[in-house]
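Have a look at the structure below, then the notes.
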Amino acid sequence: MSNLKIPKCDIEMSNLKIYIQAAQQISIQQPLSESWMMEPVFYDEPLVKAINPSFRDFMAANEARRMGNVMKRALVTALQVLRDSRVEHPDAMMTGTGLGCLDSTEKFLNAMVENGEQTLSPTHFMQSTHNTIGSALAIYTNTHGYNTTYSHSSMSFDLALLDAWMQMKIGKIESALVGGHDEMVDSYFELLKKIGYVGAEGMVPCGEVAVSMMLNRRMSSGQLCELAGITLYNTSSLDELKSNVEDMLKEAGMTVGDISAVMTGVNGNPWHDHYYQAVTNELFADVPLLHYKHLFGENFTASAFGVYAAAHCLKKGSVPSCLYDAGTPRTCDTLRTILILNQMNGSENSLVLLRKV
């Protein structure tokens, strides 16, 4: 993957600002709440399932029974974001999911084996595809615009966010519901544990993800922050990272000195975190470092939590102590911008720049 940036377009359109109006989460923290900022919950278990809200407050019981957990969580976060942003029908929906409806897929495959491929219930089959989530959101909210799903390992959410960003910059859409959604089952967790992706000693828990956010070109009174830039690339070169950061900041009318804090996807595994250490020591030695996976867990779309957490920090105007790296040189005296850096094994890199409104 080469660098992904916005295409050339009319200069007036490319200078349009994009805002994150609202963002909600269901995770291993309290759902649909920002209580994690003051009263975070910490876990010692290697696998922690998400804390579900009361689904009956958002959908009828008979509807909830026909949906898997990942679909219900996606729907609830989306509906809450639509309420918070007062956008009834967004122009587009972009969904990022690494594993899709994994629980339904497993149930369908197990039923095939147990029943000899005979007399199978169609429900789990219909809900087993990755794009089921985006389809369900569109049907439930009666939204018939652009709708796409990205399933690209740890870059799934970042690609969905980039899609919305690019289409807004070229004037195709004005609003977009962007989400990152993943669930975990015990059998797949054991497979990921064997390859060292999760469950290693000292790592953060493996969690589940449900994050929805509304992007809009129009400023409102309650928006969280501005999405000032996003770049994806596939290399571990520090020189290229520095070049990408400088280019993105230049497009946003900023310099490296304007970065208030850097948030990384550190997860406690030295095999994974050594790249972050090299980057921050080389490029951001004097910038406060923030982490988020120790609060929300590791998963294929965990990067959605980084954007969610940073956006709420900018809205509040401060960073809670639970996000600071233990060895960070200083705290944020004035919080204006947060640069979010995510990667996987030195590749699948993403840079997301958020700026206070």
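Throughout, read-outs are computed from the coordinates displayed, never taken from laboratory work. Keep in mind it's a predicted model, so treat the numbers as computed, not measured. Every residue, glycine as well, gets a Cβ built from its backbone with ideal geometry; the counts of neighbours run over all protein chains shown.
Overview of results
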{"item": "Footprinting exposure proxy for 276, 324 (fewest neighbouring C-beta atoms within 10 Å first)", "result": "324, 276"}
{"item": "Spatially near lysine pairs across the stretch 16-216, Cα under 19 Å, sequence gap of 8 or more or different chains", "result": "6"}
{"item": "The stretch 229-355 - convex hull of alpha carbons, volume per residue in Å³", "result": "96 Å³"}
{"item": "Net charge dipole size for the stretch 36-96 [Lys, Arg +1 and Asp, Glu -1 on Cβ; Debye, nearest 20]", "result": "300 debye"}
{"item": "Two-site label geometry, residue 42 and residue 250: point separation in nm, points 7 Å out along Cα→Cβ", "result": "4.3 nm"}
{"item": "The chain: calculated mean residue ellipticity at 222 nm from DSSP helix runs of at least 4, using -39500 (n - 2.57)", "result": "-10000 deg cm²/dmol"}
{"item": "Burial ranking of peptide ranges 277-290, 97-110 (average Cβ count within 10 Å, highest at the top)", "result": "97-110, 277-290"}
{"item": "Simple Cβ-charge dipole of the stretch 229-355, Lys/Arg +1 and Asp/Glu -1, about Cα centre, in debye nearest 20", "result": "500 debye"}
{"item": "Max mean-square fluctuation residue, GNM over the chain, Cα-Cα springs under 10 Å, options 117, 240, 34", "result": "117"}
{"item": "Of 168, 155, 180, farthest towards positive along the dipole that unit charges on Lys, Arg, Asp, Glu beta carbons give the stretch 144-200", "result": "168"}
{"item": "Choice from 256, 211, 266 showing the highest fluctuation, given a GNM over the chain with Cα pairs closer than 10 Å", "result": "256"}
{"item": "Positive minus negative residues near residue 174 (Lys, Arg vs Asp, Glu; Cβ under 10 Å)", "result": "+2"}
{"item": "Mean projected area (nm²) of the alpha-carbon convex hull when the stretch 16-216 is viewed from all directions", "result": "12.9 nm²"}
{"item": "Selected from 142, 96, 121, residue furthest toward positive end of dipole (the stretch 78-174; charges at beta carbon)", "result": "142"}
{"item": "Selected from 314, 345, 304, residue furthest toward positive end of dipole (the stretch 299-357; charges at beta carbon)", "result": "314"}
{"item": "Dipole magnitude of the chain, debye to nearest 20 (Cβ charges: Lys/Arg +1, Asp/Glu -1, about Cα centre)", "result": "940 debye"}
{"item": "For the chain, convex hull volume per residue from C-alpha positions, Å³", "result": "136 Å³"}
{"item": "Among 175, 54, 318: highest mean-square fluctuation, GNM of the chain, C-alpha pairs under 10 Å", "result": "54"}
